[in-house]
Amino acid sequence: MNRTSRHVVGTMNMIFWLGWTVIYASLAWAADLLPERQHPVVSKVIARLFSYHHYRQMMIDDSASSHSFDYYLQALDPNRSFFLASDLAAFEKYRYQLDEAVNSGQLQPAFAIYNTFIHRVDDRIAFALNPAHQKFDFSVEESYQPDRSAAPWPKTTAELNEIWRLRLKSEALNLKLAGKDAAGITGTLTSRYTNFQKRVNQNTSEDVFQIFMNAISEAYDPHTSYMSPIASENFGIQMSLSLQGIGAQLTTEGEHTVVVRILPGGPADRSRELWPNDKIVSVGQGSDGKMVDVVGMRLDDVVQMIRGEKGTTVRLEIIPAEASAGSPPKKLTLVRDKIVLTDREAKSDTLEITHEGHAYRIGIISLPTFYSDMAAQARDEKDYKSTTRDVRQKIEELKKANIDGLIIDLRYNSGGALQEAVELTGLFIDNGPVVQVRNSDGSVKVLKDHDNEVAYDGPLAVLVNRRSASASEIFAAAIQDYDRGLVIGSQTFGKGTVQQLISLDRFIPSAEAKLGQVKLTTAKFYRIAGGTTQHKGVTPDLIFPGDPGDSETGESAERNALPWDQIQPTGFSRWNVVAQFLPQLRTRSQQRTAKNPEFRLMEEEIERYQRERAKTTISLQESRRLREREAQEDEELALVNRRRALRDLPPLKKPDPQLEESAHIVMDLLLLSQPQYHGKVVEQ
């Protein structure tokens with residue numbers, strides 16, 4: 001980590017002018033959006049699905065309408081920086097009408113609120129770009145409240161203007177302290193707000209419909225949602241870890257679509273003609289389709305033009321990153337192919353440790369998500385991607401490497417395919433139940449592993465944290481309930497609900513275009529021991545410090561989360577390999593971590609984060625902000641230097657003390673259960 005250079009404070013009564021000129025005079029109102037032709041019908045279908053098939057069995061009524069009204073306003077203006085209190089008063093007539101709007105398909109209230117929001121955005125951008133408002137004196141002691149989510153709505157335009165004056169002053173001061181001069185600050189803020197306005201004004205009626213329907217869904221639970229056709233397609237890509245296209249990740253920078261990364265093995269990679277930071281300016285279909293200019297086009301639309309069926313052709317005109325100003329675009333032709341997203345698939349490694357004077361090798365399998373190409377599986381493709389298939393292969397490779405124990409790292413794994421959690425558990429047990437699923441009618445289904453084969457029967461630990469959720473929790477809970485292995489880390493997320501993907505096309509087959517999907521909560525997960533993972537998550541056998549923001553994360557922090565409860569346990573046979581040793585394992589780990597300064601540093605980072613979060617305002621006085629920033633940098637630098645000192649030299653990669661301690665715990669388990677087992681003696 002490099003320490004930011006310090007800036008010398010100049011004349012303290014300096015008056016800072018932002019010379020924004022252009023754009024302000026040419027601002028125009030965005031055209032009001034209206035529901036698309038299919039939205040009334042889709043709304044009524046979604047309303048029926050929510051009312052009759054959600055786990056809560058709850059109608060969309062006045063109570064749901066009131067909650068959704070608040071959620072919709074928060075989705076549009078979460079920081080209360082655009083709407084006025086008078087807008088809220090005008091919207092109040094809709095508070096108990098949104099249920100009727102959704103049930104009848106009369107969506108005018110949602111669009112009326114949204115169109116007002118767009119006008120308020122234009123008002124604020126006009127204010128931000130008006131040079132008459134940009135007169136900042138950084139010697140004056142003022143403060144800015146960055147989080148206004150719980151603040152009152154501003155009552156007058158003058159009050160809102162003052163909020164924005166302080167906001168702009170804070171951003172200008174941040175840029176000044178980062179080393180930008182007056183021209184650089186002007187250019188950055190002008191670009192920032194014109195691009196923001198452009199992104200908002202590029203929103204379509206489908207975007208508004210999705211935002212509104214998800215405000216309705218939030219009245220049910222945090223995981224029920226409506227996904228537009230594009231969102232549905234992206235969700236499918238995440239689940240299958242594959243897509244058909246050219247193999248390039250894109251982003252928007254100003255007016256341009258820019259290449260962020262080239263995916264290994266894809267058409268773009270094989271062509272050796274498209275590189276990171278290249279700008280895509282035109283896209284054409286087939287060998288002779290019209291080239292469509294995409295400068296200024298929203299990213300979703302550009303992506304849809306570039307994606308396509310395997311074997312089809314797409315033509316691009318690009319400006320290479322190294323091209324000089326005024327250079328003509330470069331043309332290239334690519335044949336689309338199936339792209340495998342390898343960055344989210346299972347990965348394995350080994351960790352060599354010295355434990356009680358002996359050398360041991362621990363296998364590590366990191367699993368970012370539970371994935372399965374269900375479409376390929378339905379087509380009976382033999383080589384379809386799945387978590388369990390990949391992990392089985394990794395286990396065989398690690399066994400050949402003569403590992404002494406195995407850690408499954410599920411930190412930051414937010415879940416995925418339920419069946420993969422069941423099948424993955426089956427790699428570590430003979431057979432038996434893995435999870436219980438209770439439906440809204442009270443019926444319970446037990447999902448089982450029917451395969452008697454055990455891929456690995458040695459010492460096992462599952463490493464989790466607060467971001468481990470859903471399928472991760474099912475796997476960790478099953479390993480814990482079977483007493484098959486240790487669960488180590490911090491309390492998991494607590495998402496114990498089942499979502500069903502429902503295509504809306506099946507209800508409206510006559511629709512002219514795809515209609516997207518509903519992700520509907522229809523059931524809850526329960527451990528085979530009886531308690532649900534919902535809300536409480538999985539409590540590890542051995543607890544490590546969490547991440548700084550854990551207290552604000554998890555199901556317990558979500559609105560309208562379904563509660564914890566329990567049902568009858570189901571029959572299963574415990575392995576009895578862990579519980580008897582837990583007191584000794586905890587004592588030994590506590591003795592090691594008490595001596596490990598890395599763990600103390602983690603605790604200090606949590607304390608520091610909590611101190612920073614407790615601050616509700618920031619100073620807009622340059623001299624004071626400099627002092628605060630330098631103090632913060634000194635603290636950060638001290639932490640970094642302490643870590644470096646612990647290891648003598650800067651580590652080549654970030655140390656992972658939790659993973660290392662987990663390896664020692666696995667060895668404790670091995671040696672407690674098999675006292676005669678010893679690794680290679682390490683000479684001191």
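Looking only at residues of region 172-182 that are surrounded by fewer than 15 Cβ atoms within 10 Å (Cβ to Cβ) and in contact (Cβ under 8 Å) with a residue 12 or more places away in the chain, we find that the one that is nearest to the chain's Cα centre (by Cα) is 178. Looking at the structure I just gave you, is residue 490 out of contact with any Ser or Thr (no Cβ under 7 Å at 6 or more places or on another chain), in the same structural domain as residue 557 (by TED's automatic domain parsing) and buried (at least 20 other Cβ atoms within 10 Å of the Cβ)? Spelling it out, residue 490 is indeed out of contact with any Ser or Thr (no Cβ under 7 Å at 6 or more places or on another chain), in the same structural domain as residue 557 (by TED's automatic domain parsing) and buried (at least 20 other Cβ atoms within 10 Å of the Cβ).
Of all residues in region 245-302, those that are within 25 Å of residue 197 (Cβ to Cβ), charged (D, E, K, R) and assigned to a loop (DSSP other than H, G, I, E, B) total 2.
The rows are residues; the columns are (1) within 23 Å of residue 457 (Cα to Cα); (2) assigned to a helix (DSSP H, G or I); (3) hydrophobic (A, V, I, L, M, F, W, C); (4) not assigned by TED's automatic domain parsing to the domain that holds residue 658.
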site	(1), (2), (3), (4)
535	no, no, no, no
540	yes, no, no, no
545	no, no, no, no
561	no, no, yes, no
576	yes, no, no, no
584	yes, yes, no, no
590	no, yes, no, no
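Quickly run through region 497-521 and pick out the residues that are polar (S, T, N, Q) and surrounded by fewer than 17 Cβ atoms within 10 Å (Cβ to Cβ).
Our first condition is that a residue be polar (S, T, N, Q); within region 497-521, this holds for 497, 499-500, 503, 510, 517, 521.
Those that are polar (S, T, N, Q) and surrounded by fewer than 17 Cβ atoms within 10 Å (Cβ to Cβ): 500, 503, 510.
Of everything in region 468-480, what is in contact with a strand residue (DSSP E or B) (Cβ under 9 Å, 6 or more places away or on another chain) and surrounded by 24 or more Cβ atoms within 10 Å (Cβ to Cβ)? Give them in sequence order. Don't jump to the end; show me each part of the working.
Filtering region 468-480 for residues in contact with a strand residue (DSSP E or B) (Cβ under 9 Å, 6 or more places away or on another chain) gives 468, 470-480.
The answer is 468, 470, 471, 472, 473, 474, 475, 476, 477, 478, 479.
For residues that are closer than 30 Å to residue 47 by Cα and assigned to a helix (DSSP H, G or I), scanning just region 169-205, find the one that is modelled with the highest pLDDT. Among those that are closer than 30 Å to residue 47 by Cα and assigned to a helix (DSSP H, G or I), it is 205. Does at least one position in region 127-146 carry a residue that is in contact (Cβ under 8 Å) with a residue 40 or more places away in the chain, more than 30 Å from residue 210 (Cα to Cα), part of a helix (DSSP H, G or I) and not aliphatic (A, V, I, L, M)? Looking for residues that are in contact (Cβ under 8 Å) with a residue 40 or more places away in the chain, more than 30 Å from residue 210 (Cα to Cα), part of a helix (DSSP H, G or I) and not aliphatic (A, V, I, L, M), one finds at least one in region 127-146, hence yes.
Among the residues making up region 416-447, those that are crowded, with 17+ Cβ neighbours inside 10 Å, without any contact (Cβ under 8 Å) to a residue 40 or more places away in the chain and in contact with a strand residue (DSSP E or B) (Cβ under 6 Å, 6 or more places away or on another chain) are 426, 447. Here the condition is being basic (Lys, Arg) and loosely packed, with under 15 Cβ neighbours inside 10 Å; of 155, 169, it holds for 155 alone. Take the conditions (1) in a helix (DSSP H, G or I); (2) at pLDDT 90 or above; (3) in contact with a Leu (Cβ under 8 Å, 6 or more places away or on another chain); (4) over 30 Å from residue 42 (Cα atoms); residue 208 misses just one of them, which is (4).
Would a scan of region 391-399 turn up a residue that is of a type in the set (D, E, K, R), over 23 Å from the mean Cα position of the chain (by Cα), closer than 18 Å to residue 476 by Cα and assigned to a helix (DSSP H, G or I)?
Going through region 391-399, the residues of a type in the set (D, E, K, R) turn out to be 392, 394, 396-397, 399.
Filter again for over 23 Å from the mean Cα position of the chain (by Cα), leaving 392, 394, 396-397, 399.
Still in the list and also closer than 18 Å to residue 476 by Cα: 392.
Imposing the further condition that a residue be assigned to a helix (DSSP H, G or I) reduces the set to 392.
There is at least one residue in region 391-399 that is of a type in the set (D, E, K, R), over 23 Å from the mean Cα position of the chain (by Cα), closer than 18 Å to residue 476 by Cα and assigned to a helix (DSSP H, G or I).
Looking only at residues in region 522-533 that are hydroxyl-bearing (Ser, Thr, Tyr) and not in a loop (DSSP other than H, G, I, E, B), the one that is surrounded by the most Cβ atoms within 10 Å (Cβ to Cβ) is 526.
Would you check if there is a residue in region 102-110 being within 28 Å of the chain's Cα centre (by Cα), assigned to a helix (DSSP H, G or I) and modelled with pLDDT of 95 or more? Before the answer, list the steps.
Taking region 102-110 first, the residues within 28 Å of the chain's Cα centre (by Cα) are 110.
After this cut, where a residue has to be assigned to a helix (DSSP H, G or I) as well, the list is 110.
Right, trim to modelled with pLDDT of 95 or more and you get 110.
Yes: one or more hits.
Taking first residues from region 518-536 that are within 9 Å of residue 477 (Cβ to Cβ) and partners that are of a type in the set (Lys, Arg) and crowded, with 23+ Cβ neighbours inside 10 Å, the Cβ contacts under 7 Å between residues at least 6 apart in sequence or on separate chains come to 533/527.
Matching residues to (1) part of a loop (DSSP other than H, G, I, E, B); (2) over 19 Å from residue 528 (Cα atoms); (3) of a type outside the set (Phe, Trp, Tyr); (4) not assigned by TED's automatic domain parsing to the domain that holds residue 362:
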residue: 408; (1), (2), (3), (4): no, yes, yes, no
residue: 414; (1), (2), (3), (4): yes, yes, yes, no
residue: 421; (1), (2), (3), (4): no, no, yes, no
residue: 424; (1), (2), (3), (4): no, no, yes, no
residue: 430; (1), (2), (3), (4): yes, no, yes, no
residue: 434; (1), (2), (3), (4): no, no, yes, no
residue: 446; (1), (2), (3), (4): no, no, yes, no
residue: 454; (1), (2), (3), (4): yes, yes, yes, no
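I'd like to check something: does region 89-97 contain any residue that is in the same structural domain as residue 51 (by TED's automatic domain parsing), over 30 Å from residue 225 (Cα atoms) and not aromatic (Phe, Trp, Tyr)? Within region 89-97 (the criterion being in the same structural domain as residue 51 (by TED's automatic domain parsing), over 30 Å from residue 225 (Cα atoms) and not aromatic (Phe, Trp, Tyr)), the answer is no, since none of the residues qualifies.
Yes/no matrix, rows are residues, columns are (1) buried (at least 17 other Cβ atoms within 10 Å of the Cβ); (2) touching a helix residue (DSSP H, G or I) at 6+ places or on another chain (Cβ under 6 Å); (3) touching a residue at least 60 places away in the same chain (Cβ under 8 Å):
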residue	(1), (2), (3)
542	yes, yes, yes
549	no, no, yes
590	no, no, no
593	yes, yes, yes
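Quick one: is residue 321 surrounded by 15 or more Cβ atoms within 10 Å (Cβ to Cβ), at pLDDT below 95 and either more than 30 Å from residue 393 (Cβ to Cβ) or not acidic (Asp, Glu) (or both)? Against the criterion (surrounded by 15 or more Cβ atoms within 10 Å (Cβ to Cβ), at pLDDT below 95 and either more than 30 Å from residue 393 (Cβ to Cβ) or not acidic (Asp, Glu) (or both)), residue 321 does not qualify.
Of all residues in region 537-560, which are of a type in the set (Asp, Glu) and closer than 30 Å to residue 591 by Cα?
Initially, region 537-560 is screened for residues of a type in the set (Asp, Glu), giving 541, 547, 550, 552, 555, 558.
Of everything in region 537-560, those that are of a type in the set (Asp, Glu) and closer than 30 Å to residue 591 by Cα turn out to be 541, 547, 550, 552.
In summary, residue 618 fulfils each of the numbered conditions (1) at pLDDT below 85; (2) within 27 Å of residue 146 (Cα to Cα) with the single exception of condition (1).
Screening residue 166 against (1) more than 30 Å from residue 111 (Cβ to Cβ); (2) over 28 Å from the mean Cα position of the chain (by Cα); (3) not in a helix (DSSP H, G or I) leaves a single unmet condition, (3).
The values are calculated or read from the model by the stated rules, or taken from the named source; none is laboratory data. None of these values were measured; they are calculated from a predicted model. Every residue, glycine among them, receives a Cβ derived from its backbone with ideal geometry; neighbour counts consider all protein chains shown.
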